[in-house]
1. Report, by chain and number, residues whose modeled amide H sits under 5 Å from the one on Y81, excluding near sequence neighbours (fewer than 5 apart, same chain).
2. What are the residues whose amide H is under 5 Å from the amide H of G86, where those residues sit 5 or more places off or on another chain and H is modelled from the backbone?
3. Hey, got the Cα dimensions of the chain along the principal axes, in Å, largest first?
4. Treating only the Cβ of Lys, Arg, Asp and Glu as charged (+1, +1, -1, -1), what charge dipole size does the chain show about its Cα centre? Round to the nearest 20 debye.
5. Please report, as a whole percent, how much of the solvent-accessible surface of the chain comes from carbon and sulfur atoms (probe radius 1.4 Å).
6. Can you give me the accessible area per residue for the chain, using a 1.4 Å probe, in Å²?
7. With the crude spin-label approximation of a point 7 Å out along Cα→Cβ, what separation in nm comes out for S26 versus D60?
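The values are calculated or read from the model by the stated rules, or taken from the named source; none is laboratory data. Computed from a prediction, not measured in an experiment: that's the story for all the values here. Here the Cβ positions follow ideal geometry from the backbone for every residue, glycine too, while neighbour counts run over all protein chains shown. Keep in mind that these areas ignore ligands, DNA and RNA; they rest on the heavy atoms of the full protein, side chains included. Shrake-Rupley method; radii C 1.70, N 1.55, O 1.52, S 1.80 Å.
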Amino acid sequence: MTEPASAEFSVSGVTVSDAEVEVGESVDVSADVENTGDADGTYTAELAVNGTVVDSESVDVAAGDTETVNFSRSFDAAGEYAVGVGDAPPRTL
């Protein structure tokens, strides 16, 4: 009996538009979502700030392809923030 085709995803290449942002300004966060499986699928990428999910975006990724997911986030207080997408290592602002 053969296993049905399935989509498997990995997230990498998390980038932020600025290393520092002023209170109230937005920072753009992007990440690459790769489908390493053998079937097309939809991945829900989650944007986390300091470990808390604050936004999500679904992206359709064909088998063997990579798509980029983009987020925009502003901050109400000064400070240092760990910003990440999915299971990729977070970036610090």
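1. L93
2. So G86 has HN proximity to E46, A48.
3. Sorted from largest, the Cα extents of the chain read 57, 19, 17 Å.
4. Here the chain has a charge dipole of around 200 debye.
5. Carbon and sulfur together cover 41 percent of it.
6. On a per-residue basis, the chain sits at 61 Å².
7. It is 2.5 nm.
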